Amino acid sequence: MYKKEAKINCPVFQKQEAVIRGITEKINEAKGVQEKAAYAEELQKEVKVLLSCPDYDKEKLDCESCHFIANLRKKTTDLIIKAKRLA
């Protein structure tokens, strides 16, 4: 399957993206909801770095794209953690 790479020109995003991808792979490989939730909590910390970026500029498309992606990831981790509570 073809996957388009994010082309966001930002050193903070590039650094965090590598970390986030690694954690996302762990979530996808995890078997149970408890294990997935543990990785999701770790991922939330990394996403928070993007959402609290001191260089954020709402006028820059790269910043807007970064925050959009980070917010989607945060919502996904929130769902995984909520599933843990329901299990």
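Please treat every number below as a calculation from the coordinates, not as lab data. Quick caveat, the model's predicted, so the values are computed rather than measured. When we count neighbours, we look across all protein chains shown, and the Cβ atoms used for this are built from the backbone with ideal geometry, even at glycine.
See the values below:
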| quantity | calculated |
| --- | --- |
| Sparsely packed GluC sites (Glu not before Pro) within region 11-76, loop by DSSP, other Cβ within 10 Å at most 16 | E59 |
| Where trypsin sites (Lys or Arg not before Pro) fall in DSSP loop in region 4-38, at most 13 other Cβ within 10 Å | K4, K7, K31 |
| P(r), alpha carbons of the chain - 10 Å bins starting at zero, rounded % | 17, 47, 28, 8, 0 |
| Region 1-64: chymotrypsin sites (Phe, Trp or Tyr not before Pro) falling in loop per DSSP and having at most 10 other Cβ within 10 Å | Y2 |
